[in-house]
Amino acid sequence: RNKGANKMASNIWNKDIPVEKSSYLCDDEITYFNLDKFKHDESKLTMIDLFCGAGGFAVGCSWAGFESVLGIDHFEPAMRTWSYNHPNAIGCLGDITKIEPKKIKELLQSKGINKVHLITGGVPCQGFSIAGPDVILKFTPISLAIILAKVVLPRPGGPYKRTWSSCSFLLLAAS
């Protein structure tokens, strides 16, 4: 996808365009970045970065010994930045509610990732910020918890071990 330099210069920082109406939001299709460059250091713990933005969680977690293997966001400039800064990880540009966890699992397994040690979620901050205009987000704290829980809830026969206490934490943290 290349939407052109003129569009980027005229749209990305235009304060008259609310974030939720930006033409950089990719809600209709799913695009992957870095699939052919993926590399995994087996000595590191793995992480998935949901609502990854430009990658602050991934950078901080890398300092703690984690390797980001996947980032998901629907804001194109942020995902391009994340993918550039994490060239050996898979970037996924699209609406997280339209991405099937099973497909993500299959994609990671095809790349040799059979265990994810950490899932972070940098939830959209516009609805919680006093600095910007009031916006109505399609995500509420509980809907974010449900999205995250779809990824981490235990599934019979699944390769990832999860505990109910970690799921409870997600639901409490989001409420």
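The values are calculated or read from the model by the stated rules, or taken from the named source; none is laboratory data. All figures in this text were calculated on a predicted structure; none of them were measured in a lab. Counting neighbours? That spans all protein chains shown, and the Cβs are built from the backbone with ideal geometry, glycine included. Keep in mind that these areas ignore ligands, DNA and RNA; they rest on the heavy atoms of the full protein, side chains included. Shrake-Rupley method; radii C 1.70, N 1.55, O 1.52, S 1.80 Å.
Figures for the structure shown
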{"quantity": "Heavy-atom accessible surface of the range 56-120: percent carbon and sulfur, 1.4 Å", "calculated": "56"}
{"quantity": "Point-to-point label distance, D16-K111, nm (Cα→Cβ direction, 7 Å offset)", "calculated": "4.0"}
{"quantity": "Straight-distance crosslink candidates among aspartates and glutamates, where the alpha carbon sits under 18 Å from K103 and sequence neighbours closer than 8 are dropped", "calculated": "D27, D28, E29, D36, D49, D73, D95"}
{"quantity": "Gain on full stretching of the segment that runs from K44 to K102 - 0.36 nm per residue minus C-alpha separation", "calculated": "18.5 nm"}
